[in-house]
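Student: My questions all concern the structure below.
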Amino acid sequence: MKNSLYYPKVSLSDEDIFAEIKKERETIGYYSLPYTDTSSLKSRLNNLNFKQKNIAIIGIGGSTLGTYAIYNFLKYNKQKNQTLKKDIYFFESTDPVNLNGTICEFDLNDTLFIVISKSGTTIETVSIFKYLSSLVKMDKSNLLVITENDSKLNSFAQHNSLETFEIPKNVGGRFSVLSNVGLVPLYLAGFDIDEILNGARKISTSFFEQNELYNHLIKKARTYYEYKDVYNINAVFSYSQLLEGFNKWYIQLWGESLGKIDANNTNQGLTPIGLLGPVDQHSFLQLIVEGKRDKTVTFIKIKDFKDDTKISPTNLKALEELDYINNIDFKELINLQADATIASVKEYQKDIPIDLIEIEEISEFEIGKLLFYYELLTSLVGKFLRIDTYDQPGVEGGKIILKEMLKSKK
């Protein structure tokens, strides 16, 4: 009697995971994006010589969230240093009030429109594009398309002699920020896309050459995996409004990548939460500290905000007991708020798993590092969970039903 078993491994070694991730680089395209040579892309965009003051990005999800994360993180420093060439506006939602409210914020006639859709048939994107094109004439002088080469949107672009930029087929939408999806609008707006890629490459090299980040990332991913049935909620607590866009991007990346059915036909998933300090100290922190022990917390701080604004020593009657805050830099205050929160959790709530990411400064290099760090971490957790990190069948079902509902109205 012969009985051969082919069950998936229950426990994977660090070496197994590393070997699988290295093998995955042969087919999953986002791994190679940090090594992109941007010289031809920049030359092509320079030759197009768009003069518009604004950029309007029409897209949703992976087509916009990564670009918004970078733009939101850097735009105020760019404005202060007068190096921002164009303001970027994002059209993602079919909410009509938001749509028309956004339109009122800038001059459509002084705008370069960039339509981004990997499939080219995203209902939200096409709906908004149709509406905006009814308000302003769009042609090759003020319209770009970023999509897959064989999409219907690309066919539309070719028919209308529009400039198109490719999204590689092996780069998923939520992993596409370092492709043309992000590089094209960010370069046109005045951001240093080479430094963004350099930051991402720093993370990639450190991990794949098994330097400092190798043990760190695998240990972190393994911790999420091994404690997933206890701590199945992962909160990112970012201490800066500049990281609001990053939080939204992280929620899509983590949720859409890791909420899957695994090799044993078991539902898996880790729930992402994006918090902003100090605002959420006054709300969600209470749930972390005294609520159910089902959450890990990653705190993110910015060491150098490049802003020396101080608290004014203004005399406020009846509030003199708070004069000890006078003349303190706001950048010092917000980091002390983060430190105090971290210390209180470490000292008094020892059963809450926490870690800290410190961003050196507000720069393209640093945001590039942060984005690729989380992409790589997501892939590693996916390997431990034995899932397909890069598909999204749960999302596709809703798209199919929506199309059927819309067609039935005709």
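Student: How large is the direction-averaged shadow of the alpha-carbon convex hull of the range 17-77, in nm²? Please report the intermediate quantities before stating the final value.
Tutor: Details: hull surface 27.6 nm².
For the range 17-77, the mean projected area of the Cα convex hull comes to 6.9 nm².
Student: Tally Lys/Arg at +1 and Asp/Glu at -1 over every other residue whose Cβ is under 13 Å from the Cβ of residue 128; what's the total?
Tutor: Numbers: positive: 130; negative: 92, 95, 124.
Every neighbour counted, the sum reads -2.
Student: Per residue, how large is the accessible surface of the range 271-410? Use a 1.4 angstrom probe and give square angstrom.
Tutor: 56
Student: Here is a further query. What is the local net charge at residue 52, summed over the other residues whose Cβ is closer than 11 Å to its Cβ (Lys, Arg +1; Asp, Glu -1)? Provide the component values of the computation, followed by the final result.
Tutor: Values: positive: 51, 53, 85, 86; negative: 87, 107, 110.
In short, +1.
Student: With a 1.4 Å probe and every protein chain left in place, tell me how much accessible area residue 97 has, in Å² to the nearest 10.
Tutor: 120
Student: I've got another one for you. Please get the size of the charge dipole for the range 251-372, origin at its Cα centre, with Cβ charges of +1 on Lys and Arg and -1 on Asp and Glu, quoted in debye to the nearest 20. Let's see the in-between values first.
Tutor: Values: 13 positive and 22 negative charges, 90 e Å.
That gives a dipole near 440 debye.
Student: Where Lys and Arg each count +1 and Asp and Glu each count -1, what net charge lies around residue 65 among other residues with Cβ under 15 Å from its Cβ?
Tutor: Neighbour charge sum, excluding residue 65 itself: -2.
Student: Quick check: at a probe of 1.4 Å, how many percent of the accessible area of the chain sits on carbon and sulfur atoms?
Tutor: Working: 10530 of 20590 Å².
It is 51 percent, rounded to a whole number.
Student: Cross-link candidates for residue 346: which aspartates and glutamates have Cα within less than 12 Å, leaving aside residues fewer than 8 places away along the same chain?
Tutor: Straight-line reach from residue 346, under 12 Å: 355.
Student: With all protein chains present, calculate the accessible area of residue 214 using a 1.4 Å probe and round the result to the nearest 10 Å².
Tutor: Roll a 1.4 Å probe over it and residue 214 shows about 20 Å².
Student: If one computes P(r) from the Cα atoms of the range 196-278, what percent of pairs lie at distances over 17 Å?
Tutor: For the range 196-278, the share of Cα pairs beyond 17 Å comes to 62 percent.
Student: When only Cα pairs under 8 Å and 6 or more residues apart are kept, what is the percent relative contact order across the chain? Mind showing how you got there, number by number?
Tutor: Working: 623 pairs, mean separation 77.3, N = 410.
Rounded, it is 19 percent for the chain.
Student: Could you work out the pair-distance distribution P(r) of the range 274-410 from its alpha-carbon pairs, with 10 angstrom bin width and percents rounded to whole numbers?
Tutor: Calculated P(r), rounded to whole percents: 9, 24, 27, 21, 11, 7, 1.
Student: Additional query: To check you understand DSSP bridge types, tell me what percent of the beta bridges within the chain (both residues inside) are antiparallel, rounded to 5.
Tutor: Counting only bridges with both partners in the chain, antiparallel ones make up about 5 percent.
Student: Tell me what the chain gives for mean residue ellipticity at 222 nm when only DSSP H runs of n ≥ 4 count, each as -39,500 (n - 2.57), the sum divided by the residue total, rounded to 500 deg cm²/dmol.
Tutor: Mean residue ellipticity, 222 nm, calculated: -14500 deg cm²/dmol.
Student: Also: Rounded, prolate or oblate for the chain? Axes are the square roots of the Cα gyration tensor eigenvalues, ordered a ≥ b ≥ c, and the cut-off for rounded is a/c under 1.5. Provide the component values of the computation, followed by the final result.
Tutor: On the way: a/c = 1.63, a/b = 1.07, b/c = 1.52.
It comes out oblate by the Cα gyration axes.
Student: While we're on this one: So how much accessible area does residue 356 have, in Å² to the nearest 10, using a 1.4 Å probe?
Tutor: Residue 356 has an accessible surface of roughly 80 Å² with all protein chains in place.
The values are calculated or read from the model by the stated rules, or taken from the named source; none is laboratory data. This structure is a prediction, so every number in the text was calculated from the model and none was measured. Quick reminder, even Gly has a Cβ in these numbers, built from the backbone with ideal geometry, and neighbours come from all protein chains shown. Areas reflect the complete protein model, heavy atoms only, side chains present, ligands, DNA and RNA absent. Shrake-Rupley method; radii C 1.70, N 1.55, O 1.52, S 1.80 Å.
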